[in-house]
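I have placed the structure first, in the form of structure tokens, so that the comments after it can refer back to it.
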Amino acid sequence: MRPEIDEAVKVLRAGGLVAFPTETVYGLGADARSPAAVRRVFEAKGRPLGHPLIVHLPGADHLERWAARVPDAARALAARFWPGPLTLILEKRADVPDEVTGGQPTVGLRVPDHPLALELLAAFGGGLAAPSANRFGSVSPTTAAHVAADLGSAAAVILDGGPCRVGVESTIVDLSGEAPRLLRPGGVPREAIESALGVALLIGGEVRAPGTLPSHYAPRARVRAVAAGALAAEAARERDAGRRVVVLAARDVPGFSRIALPDDPEARARELYAALREVDARGFEVAVVALGSLEGIGAAVEDRLRRASAPRPDGT
Ligand code: TXA
Ligand code: MG
């Protein structure tokens with residue numbers, strides 16, 4: 001076994017935290033069977049208790065250890081999309097700690113598609129409760145350097161798997177109710193799930209989920225997401241109001257600083273969070289971005305941009 005995996009497993013068995021790469025974003029993992037270890041995740045993130053965490057599994061053969069019931073739809077989606085960026089919400093077994101599920105009767109499960117994550121999970125041999133490895137309310141990390149900048153020494157080990165291949169979080173589908181429901185758009189496009197299930201997904205719904213709060217995924221700077229034709233005018237309006245403005249765009253907008261953000265949805269997903277972090281790192285007060293394609297993973301990217309641009313609790 002690789003020495004860093006060996007070290008990570010020792011940390012996890014002792015109730016410590018390990019940051020690890022997944023194909024979507026980096027996760028901050030703890031032994032999902034240990035309430036004390038899971039509480040440490042909330043402390044490290046500054047996340048309010050009561051928000052449920054996703055349990056990452058070594059394989060679909062672990063489903064029954066966490067879910068009280070595995071409906072056919074769950075088996076079909078797991079067979080089709082795991083390992084991959086899809087989280088299934090299922091009725092939980094009674095022995096799943098409340099710390100993991102936020103006291104809800106359900107548990108979120110996924111098998112991540114990253115060689116280091118799979119190696120870690122196989123060596124650990126159980127479930128890892130892991131939210132994105134960022135401070136609560138900030139932008140999800142897509143490199144090991146992002147994790148180190150956010151969480152410092154809270155993770156005893158940070159496994160470096162390079163930049164994440166997908167770049168936005170997993171799609172969350174709730175299969176615990178009467179009909180399958182999409183709770184969060186993500187790495188697996190909704191259309192792909194609907195075609196695998198042969199039914200349309202209900203959309204949204206009542207969840208106390210941090211990823212579904214309007215102003216989640218936001219950098220410190222204000223984000224203004226506008227129609228493509230309005231980009232230059234909006235940037236000018238912000239500049240004229242005296243603010244330090246940057247545009248997030250694939251091409252230059254004359255007269256403005258620019259941070260590159262591709263138009264192609266997959267490249268855009270991969271680069272979005274690093275671009276939002278760069279906005280803050282370079283001290284801009286406002287980032288203006290044109291809303292893009294809703295095709296495929298584009299729906300997830302535009303969801304995150306809309307949330308980042310939603311009014312903050314302080315009204316700005
Ligand atoms: O791609 C991802 O999903 C990443 C990587 C690390 O796997 N993880 C991630 O975790 O985004 P986090 O904690 O940042 O977001 C998890 C989302 C939250 O919106 C949470 O409320 C929801 O999953 N969730 C987890 N368990 C749930 C449950 N039982 N019912 C409803 N929503 C749940
Ligand atoms: Mg998160």
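Here, each number is a calculation from the coordinates, and none is a lab measurement. Owing to the predicted nature of the structure, the values given are computational and were not obtained by experimental measurement. Cβ placement follows ideal geometry from the backbone for every residue including glycine, while neighbour counts extend to all protein chains displayed.
Brief remarks on what is shown
- 11 Å reach of a label modelled at E7, 7 Å along Cα-to-Cβ, counting backbone N of the range 148-168: 156-160
- Measuring nothing but alpha carbons in the range 1-139 and taking Rh as the Kirkwood radius, the Rg to Rh ratio lands at 0.94.
- Top of L17, L294, L183 by mean-square fluctuation, Gaussian network on the chain, Cα under 10 Å: L294
- Note on A122 and A68: their simple-model spin labels are 3.4 nm apart, each label 7 Å out from Cα toward Cβ.
- In terms of its C-alpha gyration tensor, the range 104-187 comes out prolate, because a/c is 1.5 or above and the ratio a/b outweighs b/c.
- Rounded to the nearest 20 debye, the dipole magnitude of the chain is 700 debye, with +1 charges on Lys and Arg beta carbons, -1 on Asp and Glu beta carbons, and the Cα centre as origin.
- The base-10 log of I(q)/I(0) for the range 152-265, evaluated at q = 0.13, 0.18, 0.19 Å⁻¹, reads -0.81, -1.09, -1.11 [Debye formula, identical scatterers on Cα atoms, solvent excluded].
- Max mean-square fluctuation residue, GNM over the chain, Cα-Cα springs under 10 Å, options A287, A196, A67: A196
- Length available on full extension from A179 to R80: 0.36 nm per residue minus the Cα-Cα distance, which gives 33.8 nm.
- Max-minus-min Cα coordinates of the range 12-94 on each principal axis give 36, 30, 24 Å, with the largest extent listed first.
- Mean separation of Cα contacts under 8 Å, 6 or more apart, over the residue count of the range 82-134: relative contact order %: 38
- Here the mean projected area of the convex hull built on the C-alpha positions of the range 83-124 is 3.4 nm².
- Both radii come from the Cα set of the chain: Rg as radius of gyration, Rh as Kirkwood radius; their ratio Rg/Rh reads 0.97.
- Highest-MSF residue in the chain out of G186, G204, G137 [GNM, Cα springs under 10 Å]: G204
- Among beta bridges identified by DSSP and lying wholly in the chain, the antiparallel ones come to about 40 percent.
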